[in-house]
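The values are calculated or read from the model by the stated rules, or taken from the named source; none is laboratory data. No experiment lies behind these values; they were computed from the predicted model shown. All Cβ positions, glycine included, derive from the backbone under ideal geometry; neighbour counts span all protein chains shown.
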């Protein structure tokens, strides 16, 4: 076991000092004693969780694969080179280039904001490295400021720590089995799908977007506010930024990975297309116009290469000797073969998520063979992945014009129209697909999703039922069906539908959350809390689930636990005024009035026009016998909501305690004005009148009488 300085491993690497340690292993600085100047390097040690032969065999295979990936990536000048990888005493080691410099966490300190031009430059620099990584079909999985070093020698950024050791370690467990659902990454920079163990290329895009927003706002990721309903980061009011750049950053950090840029290349291309990058370092990415695609020299070269083969074929067919017709046939055969080859190339690139290259291949295919429906369909699918839905729609229309009964094209057309919020047209497209094939699962699901957008909930349920007849274990149909029932306030049925959804996808934080909401509407609070617990287990930053959990605990009068849950809400969404208020209310019930007031004050800070918060604040001050302060809060509440009769009554009580009886009578009368049968206010008024009468009588008594 490698323990510290002075040891030598691999017969040549002498440990100098330890850099870091985590649950997966240790990192050291070492000297390579086989080099003349004993060049320093970084040694990363994998810490296996077990040493039985079966586990070691799996670890060895995974380690070998990951190390080869690192070696491949190391050819890029801004990624550390891999010098060696080896196994010693049933432990695994990587030896990598040592990068001298400071990581970005030292530049992006709390409260420090970078200018827009600086952030654009930073964004470009990181994405240029990431573009190469994604071209190798590699997901970094842990992009954060600590893993980006500004190299001392030239000031360039270097992307480090590709997590090979972590990846292998988390996949190797006791008993020689592997687990691929362990979440790798740093909280705050890790999107939801990665936290659930399903990283994608766009997961890296999310992390880069968070770094850019952090740079603009000066806020750490956990301080960035999030939209309560959508889970999206709400940051634009924290920074001054042009709308064009804001749109790019918003798309980079979408909660739903499908709505983000799907690779670094597409994100860089969007920056160029929007003319955001205006410095002397502007990206010069190649843009291929239709006129440049499938140029004659390329086709002619291929024709020349295949001419002898096709000449033999044509001779055998008896075509040679027929003049111009034979030449035309030869060209048509060549075109068809070339278009098919390009289409297949496009399909390969699409499967690899290399969408720009896929689009080029599909476009070349339809240039050569305009009637190639499948190539038009491929082009449409690629444009949809790039979120270019209008252009995708045109491609689908081309495919349908060529082949009117093209089921996949009709379904894809419906999806594109839905993305463009042209919902009625989308339903027409799905209906056309169902005319072609009545048991099209995709069409029924798409139709139901659009019907929810149109608030046609009963119709949506019917569509999802059709989908479930075709595939009973279809998670998405059960989940969306539950949401439609939820909106119809058929909560028992909604819970049953969510139950089916989580049976088929137990890690769906969204389904657990909505199930909890339905149970809360049924006032089944213990069951709701259990459901919210599942939601935050799979998505710890799910602040809406934390808030709903706190509300359910509050209804159960478990106030201490409710406060803890609201604290979690505010950890991830610090400006959630409702959470601040409800936290204050729970503290209020615990008679921690000063803490409650502090919480109400935070809620009011984020939402000054919230009369209920002013009222509750006044009540807490009243309980502390700070009647003047209470009256000031009550005044704020009735200024915002003049018919707030409870506040007028409480204000009257505070005035009564200050022996300002006439003003108390006026306040009780205001309460009765807005609620004439308000018995408490009636009694308060009578009490104040009697007290005022007594005071008046005392004042009228002669001295000494």
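Some values worked out for this structure:
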item	result
In the range 649-662, the residues that are surrounded by 16 or more Cβ atoms within 10 Å (Cβ to Cβ) and part of a helix (DSSP H, G or I)	649, 650, 651, 652, 653, 654, 655, 656, 661
Selection count where residues are farther than 16 Å from residue 138 by Cβ and not in a helix (DSSP H, G or I), scope the range 58-80	1
Single unsatisfied condition, residue 608 versus (1) assigned to a helix (DSSP H, G or I); (2) under 32 Å from the mean Cα position of the chain (by Cα)	(1)
Total residues in the range 404-431, condition part of a loop (DSSP other than H, G, I, E, B) and surrounded by 16 or more Cβ atoms within 10 Å (Cβ to Cβ)	2
Test: residue in the range 109-124 that is part of a strand (DSSP E or B), over 22 Å from the mean Cα position of the chain (by Cα) and surrounded by 19 or more Cβ atoms within 10 Å (Cβ to Cβ)	no
Selection status of residue 113, modelled with pLDDT under 85 and more than 17 Å from residue 161 (Cβ to Cβ)	no
Residue check, residue 58 in contact (Cβ under 8 Å) with a residue 60 or more places away in the chain, buried (at least 17 other Cβ atoms within 10 Å of the Cβ) and more than 28 Å from residue 132 (Cα to Cα)	yes
Any chance residue 70 is within 24 Å of residue 131 (Cα to Cα), assigned by TED's automatic domain parsing to the domain that holds residue 20 and touching a helix residue (DSSP H, G or I) at 6+ places or on another chain (Cβ under 7 Å)	yes
Positions within the range 512-530 being in a helix (DSSP H, G or I) and without any contact (Cβ under 8 Å) to a residue 24 or more places away in the chain, in sequence order	527, 530
Meets criteria (out of contact with any strand residue (DSSP E or B) (no Cβ under 8 Å at 6 or more places or on another chain) and either assigned by TED's automatic domain parsing to the domain that holds residue 689 or more than 30 Å from residue 222 (Cα to Cα) (or both)) for residue 650	yes
Some residue of the range 547-565 being closer than 24 Å to residue 198 by Cα and either outside any helix (DSSP H, G or I) or touching a residue at least 12 places away in the same chain (Cβ under 8 Å) (or both)	no
Residue match in the range 198-205 (condition: surrounded by fewer than 19 Cβ atoms within 10 Å (Cβ to Cβ), modelled with pLDDT under 85 and in the same structural domain as residue 141 (by TED's automatic domain parsing))	yes
Hits in the range 623-635 - residues which are outside any loop (DSSP other than H, G, I, E, B), in contact (Cβ under 8 Å) with a residue 24 or more places away in the chain and touching a helix residue (DSSP H, G or I) at 6+ places or on another chain (Cβ under 7 Å)	623, 627, 630, 631
Flag for residue 237 being out of contact with any helix residue (DSSP H, G or I) (no Cβ under 6 Å at 6 or more places or on another chain), closer than 15 Å to residue 573 by Cβ and either assigned to a helix (DSSP H, G or I) or not assigned by TED's automatic domain parsing to the domain that holds residue 110 (or both)	yes
Checklist (1) outside any helix (DSSP H, G or I); (2) modelled with pLDDT under 85; (3) assigned by TED's automatic domain parsing to the domain that holds residue 132 applied to residue 279, failing item	(3)
Which numbered condition residue 63 fails, given (1) in contact with a strand residue (DSSP E or B) (Cβ under 9 Å, 6 or more places away or on another chain); (2) without any contact (Cβ under 8 Å) to a residue 60 or more places away in the chain	(2)
Selection status of residue 454, farther than 22 Å from residue 437 by Cα and surrounded by fewer than 20 Cβ atoms within 10 Å (Cβ to Cβ)	yes
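The rows are residues; the columns are (1) touching a helix residue (DSSP H, G or I) at 6+ places or on another chain (Cβ under 8 Å); (2) over 30 Å from residue 237 (Cα atoms); (3) at pLDDT 95 or above.
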position: 606; (1), (2), (3): yes, no, no
position: 615; (1), (2), (3): yes, no, yes
position: 621; (1), (2), (3): yes, yes, yes
position: 655; (1), (2), (3): yes, yes, yes
position: 696; (1), (2), (3): no, yes, no
